[in-house]
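The values are calculated or read from the model by the stated rules, or taken from the named source; none is laboratory data. Note that the structure is a prediction, hence the values are computed from the model and not measured. Because the Cβ atoms are built from the backbone with ideal geometry, glycine has one as well, and the counts that use them run over all protein chains shown. These area figures cover heavy atoms from the full protein model, side chains too; ligands, DNA and RNA do not enter into them. Shrake-Rupley method; radii C 1.70, N 1.55, O 1.52, S 1.80 Å.
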Amino acid sequence: MNFNRIKFAIILLLSCIILSEVMAIETPEYTLIKKENGFEIRKYEPMIIATTQVQSEYRNATSIGFRRIANYIFGGNATGMNIEMTAPVLTNTPDSQEIYEIQFVMPSEHSMKDLPKPNTDNVSIKRVNLGKTAVLRFGGWATRDRASHYKNELRDLLYANGYKTNKAYMVAQYNSPWAIPPFRKNEIIVQID
């Protein structure tokens, strides 16, 4: 009986690993500058994002924002173009104002010129340059409480190491909603001086 459970667990684990490799999607390009104790310093290349702003509580806002931009990339645009999904989905970290900007990174093969206009006014396309960032990785679900906890952890690590931030903290979620917590990858990202 124990042997069958172990065998099942191994097969499940290998399936998840293989599936994650098969379903690999594009992520933004960056250079790892330095690994610190508990976080990384990266320099991101400029990228194009589709973005929307939602005023609601964190979970609801991220869901509404995700659906708006998913509609855009799955043909809800001026030309009906389907655009490949990338990772991560970016959101500013929870705050008391409850106004969230949800962003999808556009595939690097596209330019501002060839991306179609969204069919709705609440989605826009823009070029951003995160530049030098500090990044803290965490697993599990990126709930309001967990995102706030890891934001505070990164803030404290940056302060202790003499780094200064110059923008809002963001939550980066890399996985589909069906990925189970032990296999989820999330990050807190903030631009630094």
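Computed quantities for the displayed model
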| quantity | calculated |
| --- | --- |
| Cα principal axis extents for the range 75-114, largest first, Å | 38, 20, 16 |
| Environment charge of residue 131, counting only residues whose C-beta is closer than 14 Å and scoring Lys/Arg +1, Asp/Glu -1 | +3 |
| Residue among 73, 30, 47 farthest towards the positive dipole end of the chain, charges placed on Cβ | 30 |
| Mean-position separation - Cα centroids, the range 153-183 and the range 77-127, in angstrom | 20 Å |
| Max mean-square fluctuation residue, GNM over the chain, Cα-Cα springs under 10 Å, options 84, 98, 109 | 109 |
| Calculated percent of Cα pairs over 27 Å apart (choose from (1) 41; (2) 26; (3) 34), label | (3) |
| Cα gyration tensor shape for the range 27-129, rounded if a/c is under 1.5, else prolate or oblate | oblate |
| Whole-number accessible area per residue in Å² for the range 20-95, which is evaluated in the context of all protein chains at 1.4 Å | 53 Å² |
| Probe 1.4 Å, protein heavy atoms only - accessible area per residue of the range 148-189 in square angstrom | 58 Å² |
| The chain - charge dipole about Cα centre, Lys and Arg +1 at Cβ, Asp and Glu -1, debye rounded to 20 | 260 debye |
| Relative contact order %, the range 47-174, counting alpha carbon pairs below 8 Å whose residues are six or more apart | 34 percent |
| Anchor residue 132: aspartates and glutamates whose Cα lies under 13 Å away (excluding residues fewer than 8 positions away in-chain) | 29, 40, 45, 193 |
| Projected label distance in nm at residue 166 and residue 45, using a 7 Å step from Cα toward the beta-carbon | 2.2 nm |
| Kyte-Doolittle mean at least 0.5, axial Cα span of 27 Å or more - DSSP H helices of the chain | 2-22 |
| Helical contribution to [θ] at 222 nm, DSSP H n ≥ 4, -39,500 (n - 2.57), averaged over the chain, rounded to 500 | -9500 deg cm²/dmol |
| Accessible area of the chain belonging to carbon and sulfur atoms, whole % at 1.4 Å probe | 54 percent |
| The chain: most fluctuating residue of 145, 156, 121 per GNM, C-alpha cutoff 10 Å | 121 |
| Given charges at beta-carbon only (K, R positive; D, E negative), |dipole| of the range 114-164 in Debye | 140 debye |
| Distance (nanometres) between label positions extended 7 Å along Cα→Cβ at residue 84 and residue 114 | 1.1 nm |
